[in-house]
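Encoded as structure tokens, the structure appears first; notes follow it.
The values are calculated or read from the model by the stated rules, or taken from the named source; none is laboratory data. This structure is a prediction, so every number in the text was calculated from the model and none was measured. Backbone-built Cβ (ideal geometry, glycine too); neighbour counts: all protein chains shown. Areas reflect the complete protein model, heavy atoms only, side chains present, ligands, DNA and RNA absent. Shrake-Rupley method; radii C 1.70, N 1.55, O 1.52, S 1.80 Å.
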Amino acid sequence: MSYGGTYKNELGQPVGAPLPDWSPRPLPPRVALDGRYCRVEPINPERHAEDLFEAFSKSDPNIWTYLPDYMGPYSSFSDWQQWIASTVSSDDPLWHAIIDKESGRAVGLAAYLRIDRKSGVIEVGGLNYSMGLQRKPGATEAMYLMMRRVFDELGYRRYEWKCDSLNERSRAAAERLGFQYEGIFRQHMAYRGRNRDTAWFSIIDKDWPDARKAFENWLDAQNFDAHGRQRASLRQLRNR
């Protein structure tokens, strides 16, 4: 794929690479993604609201700092349940609960959003990991499962990650997962009564095969010792 004008149109002008077999991509299906450490499934108020409310209420309050206002925190379960119920019918964003396989409980949230079927672009966002998911293999596996659906199952060309430019943890997570930094959109958003400059990251289809191999090697049971500690980091495996 070329980005430097090596293709010409009928007037001799430099243009992007042709996509002769391209067609719009389907919406992500409302079907669970099953892994070794976690399951990612479309959100359901009856199954997930109570688990998530409990998990988030026991977590560091700093998890809400860079999330949209509408995501919380909610002081009452009824308000939280009402928000969860309001998300169910939406296809964009399409919200998912992340289920810890060991406990069987919902411990995190993630969504597909800003879905551009015509161009084959989709974003992952709304990520909220409770203490029951942070720094665990399931946290990484959830992102792998969602990427695998986007590229392997649905054939999208571009997968995006955006965050507040001041959110150092989110920026580090994006780079660890293999997203490439693309720059800052200044004054991109107003939220929680303040400005947000947004850092943009992406993985594109040509990046995916190497990223997928690194994920699969990292998630392999042999990459963890008897205490659950990784033998090789995801970044090390990708650099190999």
As a test of reading the structure, rank Leu133, Leu27 by solvent-accessible area (1.4 Å probe, protein chains only), most first. Leu27, Leu133
Normalising by the residue count of segment 1-150, find the relative contact order in percent from Cα pairs under 8 Å and 6+ residues apart. 26 percent
Collect residues whose amide H, placed 1.01 Å from N in the peptide plane, falls under 5 Å from the amide H of Val15; neighbours closer than 5 in sequence don't count. Tyr7, Lys8, Asn9
Checked segment 33-154 with the C-alpha gyration tensor, a ≥ b ≥ c its square-rooted eigenvalues, rounded below a/c of 1.5, otherwise prolate if a/b is larger than b/c and oblate if not; verdict oblate
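So which trypsin sites (Lys or Arg not before Pro) in segment 137-229 are both in a DSSP loop and have at most 16 other Cβ atoms within 10 Å of their Cβ?
Listed in order of number, the matching sites are Arg192, Lys206, Arg229.
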Have a look at the chain and give its Rg and Dmax from the Cα atoms, expressed in angstrom. 18.9, 64
Per-residue HN-Hα couplings for segment 69-82 [Karplus 6.51, -1.76, 1.60; θ = phi - 60°; Hz; x = Gly/Pro]: 3, 5, 7, x, x, 10, 7, 10, 5, 5, 5, 4, 4, 5
Segment 1-96: which trypsin sites (Lys or Arg not before Pro) are DSSP loop and have at most 16 other beta-carbon atoms within 10 angstrom? Arg30, Arg36, Lys58
In Hz, Karplus ³J(HN,Hα) per residue of segment 144-153 (6.51, -1.76, 1.60; θ = phi - 60°; x = Gly, Pro): 4, 4, 5, 5, 4, 4, 4, 8, 7, 8
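Ignoring everything except DSSP H segments at least 4 long, calculate the 222 nm mean residue ellipticity for the chain; use -39,500 (n - 2.57) per segment, divide by total residues, nearest 500.
Calculated from helices alone, the mean residue ellipticity at 222 nm is -8000 deg cm²/dmol.
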Work out the charge dipole of segment 112-240 with +1 on the Cβ of Lys and Arg and -1 on the Cβ of Asp and Glu about the Cα centre, then indicate which of Ala211, Ile184, Leu113 is farthest towards its positive end. Ile184
Give me the orientation-averaged projected area of the Cα convex hull of segment 21-72, in nm², one decimal. 6.5 nm²
Can you list the residues, at least 5 places off or on another chain, whose amide H is less than 5 Å from the amide H of Met189, using H built in the peptide plane? Arg196
Quick check: the distance between the Cα centres of segment 7-64 and segment 114-144, to the nearest angstrom? 6 Å
For Gly35, which sequence-distant residues (separation of 5 or more, or a different chain) have an amide H within less than 5 Å of its own amide H, given hydrogens modelled in the peptide plane? Val40
For the chain, what is the charge dipole size about the Cα centre, in debye to the nearest 20, if Lys and Arg each add +1 at the Cβ and Asp and Glu each add -1 at the Cβ? 600 debye
Using alpha carbons only, how many angstrom separate the centre of segment 150-226 from the centre of segment 94-108? 20 Å
Determine, for the chain, the count of lysine pairs separated by eight or more sequence positions (or lying on different chains) whose alpha-carbon distance falls under 28 Å. 16
By the Cα gyration tensor axes a ≥ b ≥ c (a/c under 1.5 gives rounded; else a/b larger than b/c gives prolate, otherwise oblate), the shape of segment 121-215 is oblate
With every protein chain kept in place and ligands, DNA and RNA left out, what is the accessible area per residue of segment 110-206? Probe 1.4 Å, answer in Å². 45 Å²
Which percent of the accessible heavy-atom area of segment 67-138 goes to carbon and sulfur, probe 1.4 angstrom? 49 percent
For segment 120-175, what class follows from the C-alpha gyration tensor (a ≥ b ≥ c being the square roots of its eigenvalues): rounded when a/c is under 1.5, otherwise prolate if a/b is larger than b/c, else oblate? oblate
Could you tell me which chymotrypsin sites (Phe, Trp or Tyr not before Pro) in segment 58-125 are loop residues by DSSP with no more than 14 other beta carbons within 10 angstrom of their beta carbon? none
Go through segment 33-45 residue by residue and turn each phi into a ³J(HN,Hα) via Karplus (6.51, -1.76, 1.60, θ = phi - 60°); whole Hz please, and just put x for glycine and proline. 10, 10, x, 6, 9, 8, 10, 10, 9, x, 5, 9, x
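Under unit Cβ charges (Lys, Arg +1; Asp, Glu -1), what dipole magnitude, rounded to 20 debye, does segment 1-129 have relative to its Cα centre? Provide the component values of the computation, followed by the final result.
Numbers: 12 positive and 17 negative charges, 85 e Å.
Using Cβ point charges on Lys, Arg, Asp and Glu, segment 1-129 gives about 400 debye.
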